[in-house]
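So the structure is just underneath, and the comments pick up after that.
The values are calculated or read from the model by the stated rules, or taken from the named source; none is laboratory data. The model shown is predicted, which means the values in this text are computed figures rather than measured ones. Note that each Cβ is placed from the backbone with ideal geometry, even for glycine, and that neighbours are counted across all protein chains shown. Surface accessibility is based on the protein's heavy atoms, side chains included, excluding ligands, DNA and RNA. Shrake-Rupley method; radii C 1.70, N 1.55, O 1.52, S 1.80 Å.
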Amino acid sequence: MHGTFIWHELMTPDPAAAKAFYGPLLGWEPTDMEMEGFTYTTFAVPGFPSGVAGMMALTEDMKGQGIPPNWTGYIAVDDVDKTAAEYESNGGAIHRPPEDIPGIGRFAVVADPQGAVVCLMTPKMPDGETGSWPTPGSTGTVGWNELMAGDWEKVWDFYAGRFGWEKDMAVDMGDLGTYQTFKLGERGIGGMMNKTPEMPMPYWGFFFIVPAIDSAIDRMKSLGGQLMFGPHEVPGGAWIAACQDPQGAYFNLTAAKK
(Lines give C-alpha, C1' and ligand atoms only; values in the text may rest on other atoms or scores of the structure.)
Protein backbone atom coordinates (compact mmCIF):
# COMPACT_ATOMS: atom_id res chain seq x y z
CA MET A 1 0.00 0.00 0.00
CA HIS A 2 2.99 2.33 0.38
CA GLY A 3 2.42 5.44 -1.74
CA THR A 4 -1.33 4.96 -2.20
CA PHE A 5 -3.94 7.54 -1.21
CA ILE A 6 -6.15 5.57 1.18
CA TRP A 7 -8.37 8.18 2.85
CA HIS A 8 -9.69 11.69 2.31
CA GLU A 9 -10.88 13.97 5.09
CA LEU A 10 -12.99 17.10 5.25
CA MET A 11 -12.40 19.81 7.85
CA THR A 12 -15.53 21.95 8.00
CA PRO A 13 -17.12 24.56 10.29
CA ASP A 14 -20.55 22.90 10.01
CA PRO A 15 -20.50 19.07 9.93
CA ALA A 16 -24.30 18.76 9.94
CA ALA A 17 -24.62 20.94 6.85
CA ALA A 18 -21.74 19.12 5.16
CA LYS A 19 -23.47 15.76 5.74
CA ALA A 20 -26.63 17.16 4.15
CA PHE A 21 -24.56 18.26 1.13
CA TYR A 22 -22.18 15.37 0.42
CA GLY A 23 -24.58 12.55 1.28
CA PRO A 24 -27.09 13.26 -1.51
CA LEU A 25 -24.40 14.49 -3.91
CA LEU A 26 -22.12 11.43 -3.77
CA GLY A 27 -24.46 8.76 -2.42
CA TRP A 28 -22.57 8.61 0.85
CA GLU A 29 -23.96 7.14 4.05
CA PRO A 30 -22.63 9.00 7.13
CA THR A 31 -21.84 7.41 10.49
CA ASP A 32 -20.92 9.52 13.52
CA MET A 33 -18.33 8.22 15.98
CA GLU A 34 -17.79 9.85 19.35
CA MET A 35 -14.10 10.34 19.96
CA GLU A 36 -12.37 11.90 22.94
CA GLY A 37 -13.58 15.51 22.85
CA PHE A 38 -15.02 15.52 19.32
CA THR A 39 -17.24 13.72 16.82
CA TYR A 40 -15.75 12.06 13.75
CA THR A 41 -17.98 11.19 10.80
CA THR A 42 -17.16 8.50 8.27
CA PHE A 43 -18.74 8.42 4.81
CA ALA A 44 -19.43 5.05 3.21
CA VAL A 45 -20.69 4.04 -0.22
CA PRO A 46 -23.49 1.43 -0.14
CA GLY A 47 -22.16 -2.06 0.45
CA PHE A 48 -18.81 -0.97 1.88
CA PRO A 49 -19.26 0.02 5.53
CA SER A 50 -15.54 0.65 6.10
CA GLY A 51 -15.99 4.08 4.56
CA VAL A 52 -14.18 6.03 1.85
CA ALA A 53 -13.79 9.41 3.55
CA GLY A 54 -14.11 11.16 6.88
CA MET A 55 -15.08 14.50 8.37
CA MET A 56 -14.52 16.50 11.52
CA ALA A 57 -15.25 20.03 12.67
CA LEU A 58 -12.73 22.82 12.36
CA THR A 59 -11.76 23.78 15.90
CA GLU A 60 -11.56 27.37 17.10
CA ASP A 61 -7.80 26.93 17.35
CA MET A 62 -7.64 25.86 13.70
CA LYS A 63 -9.76 28.82 12.66
CA GLY A 64 -7.46 31.09 14.66
CA GLN A 65 -4.51 29.75 12.68
CA GLY A 66 -6.28 30.74 9.48
CA ILE A 67 -6.99 27.15 8.37
CA PRO A 68 -9.95 27.28 5.97
CA PRO A 69 -12.50 24.53 5.29
CA ASN A 70 -10.59 21.95 3.26
CA TRP A 71 -10.18 18.42 2.00
CA THR A 72 -6.96 16.56 2.88
CA GLY A 73 -5.56 13.28 1.57
CA TYR A 74 -3.94 10.45 3.54
CA ILE A 75 -1.08 8.56 1.88
CA ALA A 76 -0.29 5.07 3.15
CA VAL A 77 3.32 4.49 4.16
CA ASP A 78 5.14 1.53 5.67
CA ASP A 79 6.60 3.62 8.50
CA VAL A 80 5.05 7.00 9.41
CA ASP A 81 7.93 8.09 11.63
CA LYS A 82 10.53 7.33 8.96
CA THR A 83 8.64 9.07 6.15
CA ALA A 84 7.82 12.13 8.29
CA ALA A 85 11.51 12.42 9.19
CA GLU A 86 12.38 12.18 5.49
CA TYR A 87 9.95 14.99 4.75
CA GLU A 88 11.73 17.21 7.24
CA SER A 89 15.27 16.25 6.26
CA ASN A 90 14.52 16.88 2.57
CA GLY A 91 13.16 20.40 2.98
CA GLY A 92 9.57 19.68 3.97
CA ALA A 93 7.92 20.20 7.37
CA ILE A 94 6.12 18.21 10.04
CA HIS A 95 2.96 20.07 11.08
CA ARG A 96 1.74 17.36 13.46
CA PRO A 97 4.22 14.78 14.75
CA PRO A 98 3.43 11.06 14.38
CA GLU A 99 0.87 9.75 16.82
CA ASP A 100 -1.40 6.75 17.18
CA ILE A 101 -5.15 6.61 16.62
CA PRO A 102 -6.21 3.58 18.69
CA GLY A 103 -7.53 0.81 16.47
CA ILE A 104 -7.01 2.86 13.30
CA GLY A 105 -3.30 3.40 12.74
CA ARG A 106 -0.48 5.90 13.14
CA PHE A 107 -0.48 9.22 11.30
CA ALA A 108 1.30 12.53 10.86
CA VAL A 109 0.55 15.82 9.09
CA VAL A 110 3.33 17.01 6.80
CA ALA A 111 4.05 19.55 4.07
CA ASP A 112 6.32 19.28 1.04
CA PRO A 113 9.16 21.81 0.48
CA GLN A 114 6.73 24.12 -1.32
CA GLY A 115 4.05 23.98 1.39
CA ALA A 116 1.44 21.50 0.09
CA VAL A 117 -0.02 19.56 3.04
CA VAL A 118 -0.96 15.88 3.23
CA CYS A 119 -1.33 13.30 5.96
CA LEU A 120 0.78 10.15 6.23
CA MET A 121 -0.68 6.99 7.71
CA THR A 122 0.32 3.45 8.52
CA PRO A 123 -3.12 1.89 8.87
CA LYS A 124 -3.86 -0.89 11.30
CA MET A 125 -5.38 -3.69 9.22
CA PRO A 126 -7.64 -5.93 11.33
CA ASP A 127 -7.72 -9.57 10.29
CA GLY A 128 -10.32 -10.19 7.61
CA GLU A 129 -10.66 -6.59 6.49
CA THR A 130 -8.65 -6.80 3.31
CA GLY A 131 -10.91 -6.27 0.31
CA SER A 132 -13.47 -4.28 2.33
CA TRP A 133 -13.04 -1.13 0.23
CA PRO A 134 -14.68 -0.35 -3.12
CA THR A 135 -12.81 -1.15 -6.32
CA PRO A 136 -10.76 1.84 -7.56
CA GLY A 137 -12.89 3.84 -9.98
CA SER A 138 -16.18 3.16 -8.17
CA THR A 139 -18.80 5.89 -7.91
CA GLY A 140 -18.44 7.88 -4.68
CA THR A 141 -14.71 7.29 -4.34
CA VAL A 142 -11.81 9.61 -5.10
CA GLY A 143 -10.63 8.84 -8.61
CA TRP A 144 -7.77 11.33 -8.90
CA ASN A 145 -5.38 13.22 -6.62
CA GLU A 146 -3.94 16.47 -7.96
CA LEU A 147 -1.09 18.64 -6.77
CA MET A 148 -1.10 22.31 -7.71
CA ALA A 149 2.58 22.94 -7.05
CA GLY A 150 4.75 25.98 -6.78
CA ASP A 151 7.04 24.26 -9.29
CA TRP A 152 6.16 20.64 -9.96
CA GLU A 153 9.44 19.85 -11.72
CA LYS A 154 11.41 20.91 -8.64
CA VAL A 155 9.23 18.92 -6.24
CA TRP A 156 8.85 15.79 -8.39
CA ASP A 157 11.95 14.00 -7.07
CA PHE A 158 10.82 14.72 -3.51
CA TYR A 159 7.57 12.80 -4.03
CA ALA A 160 9.09 10.04 -6.15
CA GLY A 161 11.69 9.44 -3.45
CA ARG A 162 9.13 9.21 -0.67
CA PHE A 163 6.40 7.18 -2.35
CA GLY A 164 7.83 5.38 -5.38
CA TRP A 165 5.64 7.26 -7.85
CA GLU A 166 6.58 7.14 -11.53
CA LYS A 167 5.83 9.62 -14.29
CA ASP A 168 3.04 8.64 -16.65
CA MET A 169 1.48 10.75 -19.41
CA ALA A 170 2.53 14.41 -19.74
CA VAL A 171 -0.01 16.82 -21.22
CA ASP A 172 0.89 20.17 -22.79
CA MET A 173 -1.45 22.76 -21.22
CA GLY A 174 -0.23 25.68 -23.30
CA ASP A 175 0.34 28.80 -21.20
CA LEU A 176 -0.36 26.76 -18.05
CA GLY A 177 2.65 24.52 -18.73
CA THR A 178 2.84 20.74 -18.46
CA TYR A 179 0.37 18.58 -16.60
CA GLN A 180 2.36 15.56 -15.40
CA THR A 181 0.37 12.48 -14.44
CA PHE A 182 1.88 9.82 -12.18
CA LYS A 183 1.30 6.20 -11.32
CA LEU A 184 2.09 3.66 -8.65
CA GLY A 185 2.83 0.35 -10.30
CA GLU A 186 0.43 0.12 -13.22
CA ARG A 187 -2.34 2.29 -11.75
CA GLY A 188 -2.56 6.00 -12.48
CA ILE A 189 -3.40 7.83 -9.27
CA GLY A 190 -2.87 11.53 -9.90
CA GLY A 191 -1.28 14.47 -11.60
CA MET A 192 0.61 17.64 -10.84
CA MET A 193 1.09 21.02 -12.47
CA ASN A 194 2.13 24.52 -11.45
CA LYS A 195 -0.51 26.53 -9.63
CA THR A 196 -1.80 29.75 -11.17
CA PRO A 197 -0.72 33.11 -9.67
CA GLU A 198 -4.10 33.73 -8.02
CA MET A 199 -3.83 30.54 -5.97
CA PRO A 200 -2.39 31.59 -2.60
CA MET A 201 -0.25 28.49 -2.02
CA PRO A 202 0.43 24.96 -3.33
CA TYR A 203 -2.21 22.40 -2.36
CA TRP A 204 -3.58 18.94 -3.05
CA GLY A 205 -7.05 18.67 -4.62
CA PHE A 206 -9.26 15.63 -5.05
CA PHE A 207 -11.75 14.38 -7.67
CA PHE A 208 -14.85 12.47 -6.58
CA ILE A 209 -16.32 10.06 -9.12
CA VAL A 210 -19.94 10.55 -10.21
CA PRO A 211 -21.95 8.67 -12.88
CA ALA A 212 -22.46 11.70 -15.16
CA ILE A 213 -21.01 15.19 -14.83
CA ASP A 214 -23.96 17.37 -15.89
CA SER A 215 -26.50 15.78 -13.56
CA ALA A 216 -23.98 15.86 -10.70
CA ILE A 217 -23.34 19.57 -11.27
CA ASP A 218 -27.09 20.25 -11.24
CA ARG A 219 -27.45 18.30 -8.00
CA MET A 220 -24.46 20.08 -6.47
CA LYS A 221 -25.96 23.49 -7.27
CA SER A 222 -29.37 22.50 -5.90
CA LEU A 223 -27.70 21.52 -2.63
CA GLY A 224 -26.09 24.95 -2.28
CA GLY A 225 -22.66 24.37 -3.83
CA GLN A 226 -20.96 26.54 -6.43
CA LEU A 227 -19.49 25.63 -9.80
CA MET A 228 -16.06 27.23 -10.08
CA PHE A 229 -14.91 25.77 -13.41
CA GLY A 230 -16.21 23.35 -16.05
CA PRO A 231 -17.50 20.96 -17.04
CA HIS A 232 -14.34 20.37 -19.04
CA GLU A 233 -13.20 17.29 -20.98
CA VAL A 234 -9.70 16.04 -20.20
CA PRO A 235 -7.41 13.62 -22.08
CA GLY A 236 -8.78 10.11 -21.90
CA GLY A 237 -12.39 11.22 -22.29
CA ALA A 238 -13.25 12.00 -18.67
CA TRP A 239 -15.10 15.15 -17.65
CA ILE A 240 -14.24 17.29 -14.63
CA ALA A 241 -15.76 20.19 -12.73
CA ALA A 242 -14.21 22.28 -9.95
CA CYS A 243 -16.66 23.08 -7.14
CA GLN A 244 -16.99 24.67 -3.72
CA ASP A 245 -19.25 23.30 -1.01
CA PRO A 246 -21.61 25.59 0.97
CA GLN A 247 -19.10 25.85 3.83
CA GLY A 248 -16.24 26.93 1.54
CA ALA A 249 -14.22 23.74 0.93
CA TYR A 250 -13.02 23.17 -2.62
CA PHE A 251 -13.44 19.78 -4.33
CA ASN A 252 -13.79 18.34 -7.81
CA LEU A 253 -16.21 16.05 -9.59
CA THR A 254 -15.22 13.66 -12.36
CA ALA A 255 -17.15 11.31 -14.62
CA ALA A 256 -16.18 8.98 -17.43
CA LYS A 257 -19.00 10.33 -19.56
CA LYS A 258 -20.96 13.56 -19.91
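Full extension of the chain between GLN244 and ALA160 yields a length gain of 27.2 nm, computed as 0.36 nm times the residue separation minus the alpha carbon distance. Here the Debye sum runs over all C-alpha atoms of region 161-203 as equal scatterers in vacuum, and log10 of I(q)/I(0) at q = 0.34 Å⁻¹ comes out as -1.12. Averaging over all projection directions, the Cα-based convex hull of region 132-237 occupies 8.4 nm² in the image plane. How high is the FRET efficiency from ASP168 to ARG219, r the C-beta distance, R0 25 Å, rounded to 0.05? Efficiency for this residue pair is about 0.20. Taking each DSSP H run with n ≥ 4 as -39500 (n - 2.57) and averaging over every residue of the chain yields -5500 deg cm²/dmol at 222 nm. Kirkwood-type hydrodynamic radius, region 5-150: 16.3 Å, calculated from all non-identical alpha-carbon pairs. Can you give me the P(r) profile for the chain? Cα pairs, bins 5 angstrom wide beginning at 0, each as a whole percent. Percent of Cα pairs in each bin: 1, 6, 12, 18, 20, 19, 14, 8, 2, 0, 0.
Here the spin labels are modelled as points 7 Å beyond Cα on the Cα-Cβ line, and at ASP32 and MET199 they lie 3.5 nm apart. In the distance distribution for region 40-83, Cα-Cα pairs more than 13 Å apart total 69 percent. Taken per residue, the accessible surface of the chain reaches 48 Å², heavy atoms only and a 1.4 Å probe.
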